[in-house]
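The values are calculated or read from the model by the stated rules, or taken from the named source; none is laboratory data. Computed from a predicted structure; not experimentally measured. When we count neighbours, we look across all protein chains shown, and the Cβ atoms used for this are built from the backbone with ideal geometry, even at glycine. Surface areas here come from the heavy atoms of the whole protein model, side chains and all, with no ligands, DNA or RNA. Shrake-Rupley method; radii C 1.70, N 1.55, O 1.52, S 1.80 Å.
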Amino acid sequence: MKNNPSLQERVALITGGSRGIGRAIALKLSAVGAYAIVNYAKNLAAAEETLTLIRKQGGNGEVVPFDVADAEGTRKLIADMISRKGRIDILVNNAGTSADGLLVRMKDEDWESVIRTNLTGTYNCCRAVAYSMMKRRWGRIINITSVVAESGNAGQVNYSASKAGIIGLTKSLARELGPRNICVNAVAPGFIVTDMTKSLPEEVREQIKEQIPLAKLGTPEDVAGIVAFLATEEAAYITGQVIHVNGGLYM
């Protein structure tokens, strides 16, 4: 039904869904009716905890292990999911990694591993679901990029480049898939309260807040709410966009 925010009977795959922003997205999509497939690469316990939380709130889903950087493994496992469930309606490309360091000291493997997981991993998953979505003439692909994709950040040339690449991928894929009623968008979080930011010294966190007009860090739920909206029929005329969730840090 048009303008119904429910995702009842939709099947959603969330990569990197075991914790942090990915977990919040899985919980939110499940809360509005989607069957949530929680992907993880290494941490089975965290993925199962996400699934337990999904079921506690009355939702349903499953956990699926694969490394998005592995093209063949990703293709096979996503094909299996589509075969078992009949389709993947919503793909959220959230899996990511970082290996920060100044350019002049950066190891080649730190560049390659971040590009491989963040950018090539997004490409691998998009390619694996695209044909099925095209056949059904409905789909939502939501790619998690970052504020640093547009603002840049010293010490993160690899991460910033990978996330900027996701924006280019998003816009190009939106043009390719739009005629088949598939919307492709990106969400760019700013500083979000995660395990990584929690470990920062309090004075560093306060310095970050001073740069943010809303004077606070975001939460994973702030990001999840936007992702869920983009997955609904209410967002059926939004594609090729980058939605910033950063409290005004970058405008």
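What the table below lists for this structure:
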| read-out | value |
| --- | --- |
| Of the criteria (1) open to solvent by less than 20 Å² (accessible area, probe 1.4 Å); (2) closer than 23 Å to GLY190 by Cβ, which one CYS126 fails | (2) |
| Answer residue from the stretch 221-249, given it is in a helix (DSSP H, G or I) and open to solvent by less than 20 Å² (accessible area, probe 1.4 Å) and is farthest from GLN8 (Cα to Cα) among those | VAL223 |
| Extreme residue, nearest to ILE144 (Cα to Cα), among residues of the stretch 209-220 that are open to solvent by less than 60 Å² (accessible area, probe 1.4 Å) and in contact with a helix residue (DSSP H, G or I) (Cβ under 8 Å, 6 or more places away or on another chain) | PRO220 |
| Residues of the stretch 79-92 classified as farther than 15 Å from ALA36 by Cβ and either of a type in the set (A, V, I, L, M) or touching a residue at least 60 places away in the same chain (Cβ under 8 Å) (or both), total | 3 |
| Yes/no for ALA161 being over 20 Å from VAL227 (Cβ atoms) and surrounded by fewer than 15 Cβ atoms within 10 Å (Cβ to Cβ) | no |
| Output for the stretch 56-106, where each listed residue is of a type in the set (S, T, N, Q) and either more than 11 Å from CYS125 (Cα to Cα) or in contact with an Asp or Glu (Cβ under 7 Å, 6 or more places away or on another chain) (or both) | GLN57, ASN60, SER83, THR97, SER98 |
| Hits in the stretch 36-78 - residues which are out of contact with any strand residue (DSSP E or B) (no Cβ under 6 Å at 6 or more places or on another chain), in a helix (DSSP H, G or I) and among the β-branched types (Val, Ile, Thr) | THR52, THR74, ILE78 |
| Residue check, ARG140 in contact (Cβ under 8 Å) with a residue 24 or more places away in the chain, crowded, with 20+ Cβ neighbours inside 10 Å, at negative phi and of a type in the set (Lys, Arg) | yes |
| Where THR170 falls short, out of the listed (1) open to solvent by less than 10 Å² (accessible area, probe 1.4 Å); (2) in contact with a helix residue (DSSP H, G or I) (Cβ under 8 Å, 6 or more places away or on another chain) | (2) |
| Residue among GLU9, GLU112 that alone is acidic (Asp, Glu) and outside any helix (DSSP H, G or I) | GLU9 |
| Residues of the stretch 143-158 satisfying the condition of being more than 19 Å from MET251 (Cα to Cα) and either open to solvent by 40 Å² or more (accessible area, probe 1.4 Å) or among the β-branched types (Val, Ile, Thr) (or both) | VAL157 |
| Restricting the stretch 79-102 to residues that are among the β-branched types (Val, Ile, Thr) and part of a loop (DSSP other than H, G, I, E, B), the residue that is nearest to the chain's Cα centre (by Cα) | THR97 |
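Residue-by-condition table, conditions (1) touching a residue at least 60 places away in the same chain (Cβ under 8 Å); (2) closer than 19 Å to VAL68 by Cβ:
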residue	(1), (2)
ASN153	no, no
ILE166	yes, yes
ASN181	no, no
SER199	no, no
GLU203	no, no
GLU206	no, no
THR219	yes, no
THR239	yes, no
